[in-house]
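Each value in this text was obtained by applying a stated rule to the coordinates, not by laboratory testing. As the structure is a computational prediction, the values presented were derived from the model and not from experiment. In this analysis, Cβ positions are derived from the backbone assuming ideal geometry, glycine residues included, and neighbour counts consider all displayed protein chains.
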Amino acid sequence: MFRSTIPKEDRELVMMVRELVETHITPKAVSYDKDENGSFDWSPVNLLARYNLMAPNIPEEYGGRGLCNITTAMILEEIAVGSAGLAAVLLTNLHAVSPLLTVGTEEQKKEILPLMTGESPKLAAATIIEHKPNLELIAQPETMDIRHSSVNVENIEEGHLVVKGLKDYVMNAGIAGFLAVALSTNPEKDKAGLQIAVLPVETEGIIIGKQRKTLGLRFCQANEVIFDNVEVSEKYLIGKPGSGFLVFMQNLDRMVPLAAALSLGVARAAYEAALNASKNRMFMGKPIFEESTVSFTLAEMATKINAARQSVHFACWLIDKDLDYSQASSKAKIIASSVAQEVTAKAMEIIGGQAYLYGHHAEIYLRDAKMLSIIDGSEQFHRNLLASQLY
Amino acid sequence: MATFILSKEEIELINEVHELAVKKIAPRAADLDVIGDGIQDWSIPELLAEKNLLAPIIPEEYGGRGLSMVATAAVIEELAAGCAGAAAMVVQNIYAVTPILIAGNKKLKEKFLPLLSVRHPHLAAIAINETRPDYNLERPESQSEEITRISTTFCYNKDGEKVLIEGSKDYIINGAEASFVTLLARDKESRHKSSLQFFVIPGDNSGVEVREVLRKIGLRSCHTVKMGFNNVEIPSDYAVGRRGGGYLLLLQTFDINRTLLGAIAVGVAKAAFNLALKAARNNSLLGMNSPSKYYISSSLADMSTQIDAARLSVLRAAYCIDVDENYARVSGMARLYATQVAQQVTSNAVDIIGRLGFLIGHPAEKYLRDAQMLSMIAGSDYLHKKVLAAQL
């Protein structure tokens, strides 16, 4: 329904992406899901970059496609049907670009955004989560919290900041050209002491640390990032000092429906695989689709995916219209990721034993769906966020 | 140009309906619910007729409001938040007029449609379910899809000017006091599905009788009966559509109006959610740091998420009907999802409200019963899953 609001060219673009994914990405999706650490496979990223799709929502004046959120969500869904890991690379990229788009100054946009578009774009990574190895036996949950960014500013002189700290599980870090980071410019002030910066990865002192192994979305590699006395020049600071938390929350609200679109893609892929299998797999001389338990399950899967998709597109539509989108974003994320987990698990049951074999695409969907429910704020986080707005 | 965004007038209308539902219908519905469904109460239809809401989809040329499906769904949702029975009454009217709107001739439309759009309240009913369906006694594998189980028969007389209808129909909402009943019957000679046809029978025609008043546990404010049609003679002008076109018309009527059942479910779920939210806010046991506060708030967050998704599913189906896209599948999905959500949400709401919510007469227990009923009427959840599965 909300799809009808996008222009005709955009719909054609989505169909083009669907074909592109079917011919080039789906056949290789299993090989993208590599367990062992290794070099990054640039071929699918280059393929998408050829169509200028790595950051499709950057406005046309900076070299992007200037797509609205609904189209972006639809494109991400199509890519996630092929490979959710590849879609997560795009999503993380958009995550880092988003602060620039919302609060960046004209000069910053003109300088940085054109580098992220075109045929050989630089990717970006958002460093959010912290992991302080803490050997004392006192629980310190706040070290995982954005509010207490441990990337501290050590000293400020002549408009130059020197920062120091450690960020962990930074998706895309290994391949990124830019890193978005929340600096704690005033640690006493807790939330109000943050500021966002987008730094080129070549800046002296930024060290990409060891690679983390993840269970899902393996194409999108996560690394440690170490900030070792990094000098940050004024021009890379985004927004006003102290605005970091607000900018972060706003961008979370704007990005979450896109993360939910990834869940939709995974759910759709799993559903289609299950539907296909149910028509080919035989039980007592009949396709198992003719068993009502199987076909009813499939009908229910389709129903839930439909409902989740409406929620996601509704949130995107609200963002496009600049209406109040915060609650709808959380709702989209909760429903899409819970539906994706349910659907992928049921799809595995329908496909049967072979789906449990390592390297089967249904098994990949299951792991990806779980990971998608955790990134960009877990389902529980969003439930809390939503509940605090309900009361 | 059809759109899913309501116009300013439509939003005003929906606000009016909201006022009406909360202030006038809900208190009356609680009373009716206690009495049970022994009588056809006219107070609610009177209130609705005042606003010309008994069948808001009737086009303006026949005196109706001519609302789009999107606006109708919103109106039904608001009504259902006040009383699901009132909304079911309106939906039943819409069911009854849909075959006439789609395939009826001009004379039929001019005669029957204005009844539902005048100031004096009238009701209409649709009669599909059989008291005694024709069951096939053959083994299931040799049963044919082509054979209908409708056992009510019609038979044109020799000169083709009169039709005789014979049979009995079950579970007819609004049936007892209906000004006209839209009835599905098969040809006396044939049991084939292609022999079905719809007829409009005036409620006061001789031979139409109420056999039994059904007492049910949900939607008690809408009166439901079993009806008999003993050699009912009507002019052949009262036939809807072409001879034998009944089956397609039946499918179309159900595909369109299922969406509205979804809208009732969303309305009930919304009312139950609001009640639970209010209870959770006022419950002093759920203080700032109580662990059950987190449990309940996450449950409330889930409920509101599901209600929104259900509403959007219904909206999508209504939009597809308005723009005449392929709506059969989306309306089935909307109905299935919305009733499931309504059942979950009403049951969770009773959990949150606690023991008070389980007392007879508390709104929460009424929502619970109403939501349960919604998955029975106009095809059960299983039927819908079967239909959907066949379309995958």
| the range B:1-131 - percent relative contact order, Cα under 8 Å, separation 6 or more | 30 percent
| task | May I ask you to list the residues of the range B:174-207 whose amide nitrogen lies under 12 Å from a point 7 Å from Cα along the Cα→beta-carbon direction of B:Asn230? | result | B:206-207
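Return the average number of partner chain Cβ atoms within 10 angstrom of each residue Cβ along peptide A:313-323.
Going residue by residue through A:313-323 and averaging, the value is 1.
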| remark: Label model pair A:Asp228, B:Ile39: point-to-point distance (7 angstrom along the Cα→beta-carbon line) in nm is 8.9 nm
| note | In nm², the average projected area of the convex hull spanned by the Cα atoms of the protein assembly as shown is 37.1 nm²
| request: At 0.36 nm per residue, minus the direct Cα-Cα distance, what do A:Lys109 and A:Asp322 gain on full extension? Give it in nm, one decimal, please. | output: 74.6 nm
| request: At a Cα cut-off below 25 Å, give the lysines reachable from A:Lys122, other chains included and same-chain residues fewer than 8 away excluded. | output: A:Lys28, A:Lys34, A:Lys109, A:Lys110, A:Lys164, A:Lys167, A:Lys210, A:Lys213, A:Lys235
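Just to verify a number: FRET efficiency for B:Asn105 and A:Arg11, C-beta to C-beta distance, R0 = 30 Å, to 0.05?
Calculated value: 0.15.
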| note | Counting only DSSP loop positions in the range B:156-254, the GluC sites (Glu not before Pro) whose Cβ has at most 15 other Cβ atoms within 10 Å are B:Glu161, B:Glu189
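With n ≥ 4 as the cut-off for DSSP H runs, can you work out [θ] at 222 nm for the protein assembly as shown, using -39500 (n - 2.57) per run divided by the number of residues, rounded to the nearest 500?
My calculation for the protein assembly as shown gives -16000 deg cm²/dmol from helical runs alone.
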| To the nearest Å, what is the center-to-center distance of the range B:209-271 and the range B:313-392, using C-alpha atoms only? | 18 Å
| Mind checking the dipole of the range A:204-318: about its Cα centre, +1 per Lys or Arg Cβ, -1 per Asp or Glu Cβ, Debye to the nearest 20? | 380 debye
| query | Taking the Cα-to-Cβ direction at B:Thr3 and at A:Tyr358 and moving 7 Å from each Cα, how far apart do the two end points lie in nm? | reply | 5.7 nm
| request: Treat each spin label as a single point 7 Å out from the Cα along the C-beta direction, and report the B:Asp204 to B:Tyr294 distance in nm. | output: 6.8 nm
| Once the dipole of the protein assembly as shown is set up with Lys and Arg at +1 and Asp and Glu at -1 on Cβ about the Cα centre, which of B:Leu32, B:His384, A:Gln310 lies farthest towards its positive end? | B:Leu32
| request: Would you mind checking which residues have amide H under 5 Å from A:Phe283's amide H? H placed 1.01 Å from N; only 5 or more apart, or other chain. | output: A:Ile288
| note | Computed for the protein assembly as shown: size of charge dipole around the Cα centre, +1 on C-beta of each Lys and Arg, -1 on C-beta of each Asp and Glu, debye to nearest 20, value 1640 debye
| query | Given Cα pairs under 8 Å that are at least 6 residues apart, what percent is the relative contact order of chain A? | reply | 16 percent
| query | In whole percent, what relative contact order does chain B give with Cα contacts below 8 Å and a gap of six or more residues? | reply | 17 percent
| query | Which residues' amide hydrogens lie under 5 Å from the amide hydrogen of B:Gly203, considering only partners 5 or more residues apart or on another chain, with H built in the peptide plane? | reply | B:Phe180, B:Val181
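Go ahead and run the numbers for FRET between A:Ala345 and B:Met376, Cβ-Cβ distance against an R0 of 25 Å, rounding to 0.05.
FRET efficiency, A:Ala345 to B:Met376: 0.25.
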| task | Would you list the membrane-span-like helices of chain B, meaning whole DSSP H runs whose alpha-carbon atoms span at least 27 Å along their axis and whose mean Kyte-Doolittle value is at least -1.0? | result | B:84-103, B:246-282, B:291-322, B:328-353
| For the pair A:Trp42 and B:Glu60, what calculated FRET efficiency results from E = 1/(1 + (r/R0)^6), where r is the Cβ-Cβ distance and R0 = 60 Å, to the nearest 0.05? | 0.45
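Taking the Cα centre of chain B as the origin, how large is its charge dipole in debye, to the nearest 20, when only Lys and Arg (+1) and Asp and Glu (-1) carry charge on their Cβ atoms?
Using only the charged Cβ atoms, the result is roughly 600 debye.
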